[in-house]
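We did not get these values from a lab; they are worked out from the coordinates using the rules stated. Quick caveat, the model's predicted, so the values are computed rather than measured. Counting neighbours? That spans all protein chains shown, and the Cβs are built from the backbone with ideal geometry, glycine included.
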Amino acid sequence: MRNRAGDIIKIIILSGFLLVVYSCGQLEVDIEVVNLFDPADGDYSSPETEVLDWPAAGLTIDSTSAVFTWRHSDPNYYYDPTHEVDYAERIFYRYRLNTSIWSPWYSGEELLQQDLGFWTFDTLTGLHVLQLDYLEDINYNFEVMSKYPTNIREDEWPNISFMVDAFEGVELLISPGQVFADSGTVFYVNAKLIDVTDFMGIHLDVSYDNSFMQLQDYALESDSTDFLLQSAGHLINFIENDTENGRFQLDLGVAGGAVTGVSGTGNIVRLIFEHTGSRGQSVISISSESMVRDVYNNSVIEHIFSGVVSIW
């Protein structure tokens, strides 16, 4: 009887406790809510990007490719599959390369849905990975910035400069080698000569996927004309623009009496495209049939490089 009486007392005490905490039909439980995007949270850190893999600042690389990987600098924001809220996936980033135009903001969650190819989010490591290809022999400046879903932005973001010096000799290439553009917008590339000596003429054969982009226009630019007319000759050109098959051909020469060849680096023609396909990447290719000749009618081209269009 004594044990049974004790059990009855315990039940009464417990019932009384439940009556205290149960109010208006709701059980009031004090649970600490963690929100690392809220400056009022004790573990909050401002947006700060840590770049883990990149060409060291000021370094000259001998490759036409470079990989950048980054994440938040605070371990509290690292990817952790045990977290109820994955902060690494929800942080937004944008970047730019040799331009004043930033990429769109993308979180890790959005990148998993977009499947851009060149910019990915690794769910095993929580790292953003950006693959840059078709880099030409010039100086580059790369920047990446972060922000929270609350629109709090990074104040001082990484800014990395590096140089590419991958080849020696005369180059014929698409410039810029990697174009980043918004879906459905207009962009351009140049066919460019680098380090040519006594140049007199070119046969240029360019092809592209016309289901991904359409060639809207082309032009010999003013800087192209200045470059080509160093010898005081005049330009003769023949153009075949086959938009139905995604092919552009240019035969161009410098002509005139006692004309000397052109030497140096410069653009030949600008090609203006409109993106018409899905997001992702597509190559603008310079055919191996393309040829550059000097005043002695020798073929002087040593390297031919295509370019890639990356739609973000």
### Query
All other residues with a Cβ under 12 Å from the Cβ of residue 173 taken together, and with Lys, Arg as +1 and Asp, Glu as -1, what is their net charge?
-4
### Message
Could you tell me the center-to-center distance, by alpha carbons, between region 146-186 and region 270-309 in angstrom?
### Response
20
### Task
Provide the per-residue ³J(HN,Hα) series for region 163-172, in order, calculated from phi with Karplus coefficients 6.51, -1.76, 1.60 and θ = phi - 60°, each as a whole number of Hz, with x at glycine and proline positions.
10, 10, 9, 9, 9, 10, x, 6, 10, 10
### Query
Across region 99-104, in residue order, what do the Karplus-derived ³J(HN,Hα) couplings come to in whole Hz, using 6.51 cos²θ - 1.76 cosθ + 1.60 with θ = phi - 60° and x for Gly and Pro?
7, 8, 9, 7, 5, x
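Compute the Cα gyration tensor for region 83-219, then decide on rounded, prolate or oblate, letting a ≥ b ≥ c be the square roots of its eigenvalues: rounded whenever a/c is under 1.5, prolate when a/b is larger than b/c in the other cases, and oblate in all that remain. Could the numbers behind the result be given before it?
On the way: a/c = 2.63, a/b = 1.92, b/c = 1.37.
Prolate.
Quick check: net charge around residue 69, other residues with Cβ under 14 Å of its Cβ, Lys/Arg +1 and Asp/Glu -1? Walk me through the numbers before you get to the answer.
On the way: positive: 71; negative: 50, 53, 122.
That works out to -2.
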### Query
For residue 290, what is the net charge nearby, where nearby means another residue's Cβ is under 14 Å from its Cβ and Lys, Arg count +1, Asp, Glu -1?
-3
### Task
Find which of 72, 126, 113 sits farthest along the positive direction of the dipole of region 51-154, computed with +1 on the beta-carbon of Lys and Arg, -1 on that of Asp and Glu, about the Cα centre.
72
